[in-house]
Amino acid sequence: MKELIKRLVETFGPSGDELAVRELIRGEIEDQVDQIEVDTMGNLIALKKGQDDSNKVMLAAHMDEIGLIATHIEEEGFIRFSNVGGVSPYNLLGERVLFNGETIGVIDKEGKLDDISKLKHDKMYVDIGATTQEEAEEKIKIGDTATYYRQLDLVGNRLVAKGLDDRAGCAVLIETIKQLTEQPTFDTYFVFTVQEEVGTRGAITSSYGINPDVGIAVDLTLTGDTPEAKRMAVSLGEGPAIKVKDRSVLVNPQLKNLMIDLAEENEIPYQLEVLDRGGTDTGRMQLSREGAIAGAISIPGRYVHSPSEMIDLTDLENSIKLLSEILQSDYQGLF
Amino acid sequence: MFLKQLSEAVGVSGREAEVRDLIREEIKDDVDRIETDALGNLIAFKEGKPEQPTVLLAAHMDEIGLMITDITDDGLLKFKPIGGIDKRILVSKEVVVGPDQIPGVIGAKAIHLQESDERKKPLDYGELYIDIGTKEKEESEKLVELGMMATFATEFEQLGTATVKGKAFDDRVGCAALIELLQQEHQLSIIAAFTVQEEIGLRGASVVAYDLDPDLALVVEGTSASDVPDTKEAGYSTQLGAGPALTIQDSSLIPSQPVVNKLIEVADQNDIPYQFRKLTRAGTDAGALHLTKEGIRTAVISMPCRYIHSPASLLNLNDYQATVELLTKFCQDMEEGGLADEGVN
């Protein structure tokens, strides 16, 4: 599990350039699913046939991570950039980044900027060690993207890495496929989506193509368990968070209750999640075509969107257990 | 050039009929079929050979403007903005109101009558009005109804040797380029979508491609140019005269990388100048188009326009010609099998 997550988070995959992550995941699962394809947007869609094909279940975890995009190359070889998804300029100060999965750069701000509260992306630059524009252009073109450059570390029983949002969710889907002991109840589509961080876009087209009856996202959520944190009743290590609400969705109460019942029956610890910031692929699945019953299993995460996101290993294991129980349940109360 | 008629035609978001009629008349002999959908999008089909791909080209017909929301007892017209308008540019501009293009002037208190404080801040919509030369409400009501749209009364004209001035270049320049493509002979199939209501939220483009099944889509736009004093080069969005601008990313779209790479390759092979749009904010019809049903591979080609969304934008004609050339050569490359084997990214 830890080894799989290490490979997932250390693979380059900002929104719009998920190819390497997709190929990694495809290699992990293609022998264990009944059908696998990539759609126009780049979503990886894998089907595990169910005992009953009267309903379709879609699971969504996004492959993309936040990053940067090169917008201009200075005469001296410095790269100017804009953000891809929600990247705080404060998190970038002093940070190392990786362009195109191969070129390392370091970030600083313009020297004259003294008031740190005015820090914005357009006052910063990446230094890739080039001394001229020509030299820089041998490695980087305008429009090329970068991610944080960090490795995964185990800290106590907790994982620290960039890109756990949402490679941790990808790992939950992959491990669920591997650990399923019997066929799922219904036809189940494991979808590894693209471009979540720039507006949950991959989920729009993949939901349309699959037209699911039930949609369940697996994604990171925030916690309220750090010093002087904003109030939020989710903590690291206390189990998967069953989503009730985020900005994209009000979860179907029958699906939420099904998850709670299955967690209690199987003695899986769980929490309830009300996220007042951020949306997820959940909302897209719910509103596709004529609508779907939608919910989410959220993995509690600290320092989300920073170079050092933190999750708890037991939360991951319990997320896999809960998801497996759902897929093999009779979906009582839903239909 | 036909851009003159397009620029001078009136078509504020939601009221695109005049522009639509003008385009339909211009292209009717060059295409196989023309449809208008429920929202007002004009869709022209130019059939190619059966084994050839289908390219969807899209440009929006609508322009920003003002909606008449009230008529005062003195006959003055109160209004609200439609689309992104900088209210600081409104005062004293000449406008035309409604389908009959009633001329008017955006009025406000003259400088002599203002207190010194008033001169320091831009006039808000509450303080601005359109004066159509009437004396009272009843007289105005014979000419104007609530809900009518007003736009700038700007004549199209050439400045210097290679620059033209006009209103609504966003996106009549795109409409003009699409029309030129339709007037050429092609082996591939072209669907040209002239969309409505882009300026208020990509609304026409959200529905236009639902019944179409193109292999890819190119959105042709007029975009902001910021190569003006007080802007550092790193902060330029685009530059006038440097060729069509390719979008690397904006608020609505990450373009299809194979399509962008092909555009670059075609431009390089044919010595067509191009640049990148360095601004990653704002959006275009591509944002809605590429998410239609199961997704459409989409890219954006923009012509830089200075002073966009104002009464007078400037366009470099070389940029326009290079854009038409790039679209033409791109279509030819597609006819020769370009992009046929490309994956998603």
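Some points to look at:
- Cβ-Cβ contacts under 8 Å between residues 6 or more apart (or on different chains), taken from a first residue in the range B:250-272 that is of a type in the set (Lys, Arg) to a second residue that is modelled with pLDDT under 95, are listed as B:Lys262/B:Gly338; B:Lys262/B:Leu339; B:Lys262/B:Glu342.
- Taken over the range B:207-229, the residue count meeting the criterion of being closer than 28 Å to B:Gly166 by Cα and in contact (Cβ under 8 Å) with a residue 12 or more places away in the chain is 13.
- Test for A:Asn83: is it free of Cβ contacts under 8 Å to residues at least 40 places away in the same chain, within 14 Å of another protein chain (Cβ to nearest Cβ) and among the polar types (S, T, N, Q): yes
- Strands (runs of 3 or more DSSP E) enclosed by the range B:82-156 - at least 2 residues per element that are at positive phi and surrounded by fewer than 12 Cβ atoms within 10 Å (Cβ to Cβ): none
- Of the listed requirements (1) among the polar types (S, T, N, Q); (2) over 26 Å from A:Asp53 (Cα atoms); (3) within 14 Å of another protein chain (Cβ to nearest Cβ), A:Thr226 misses just one: (3).
- Listed by first and then second residue, the pairs with beta-carbon distance under 7 Å, at least 6 apart or on different chains, first residue in the range B:332-344 and on the phi < 0 side of the Ramachandran plot and assigned to a loop (DSSP other than H, G, I, E, B), second modelled with pLDDT under 70 and polar (S, T, N, Q), form an empty list.
- Which numbered condition B:Gly235 misses (of (1) closer than 29 Å to A:Ala70 by Cα; (2) touching a residue at least 60 places away in the same chain (Cβ under 8 Å)): (2)
- Qualifying strands (runs of 3 or more DSSP E) (wholly inside the range B:167-272; at least 3 residues being away from every other protein chain (no Cβ under 14 Å) and of a type outside the set (S, T, N, Q)): B:189-195, B:216-224
- Sole residue being β-branched (Val, Ile, Thr) and either in a loop (DSSP other than H, G, I, E, B) or without any contact (Cβ under 8 Å) to a residue 12 or more places away in the chain (or both), chosen from B:Thr280, B:Thr323: B:Thr280
- Count - residues of the range A:192-223 that are crowded, with 20+ Cβ neighbours inside 10 Å, of a type in the set (Asp, Glu) and away from every other protein chain (no Cβ under 14 Å): 1
- Test result for B:Glu294, within 14 Å of chain A (Cβ to nearest Cβ) and out of contact with any His (no Cβ under 7 Å at 6 or more places or on another chain): yes
- Residue count for the range A:115-163, restricted to those that are among the aliphatic types (A, V, I, L, M) and not in a loop (DSSP other than H, G, I, E, B): 10
The values are calculated or read from the model by the stated rules, or taken from the named source; none is laboratory data. In this text, all values refer to a predicted model and were calculated from it rather than measured experimentally. Every residue, glycine among them, receives a Cβ derived from its backbone with ideal geometry; neighbour counts consider all protein chains shown.
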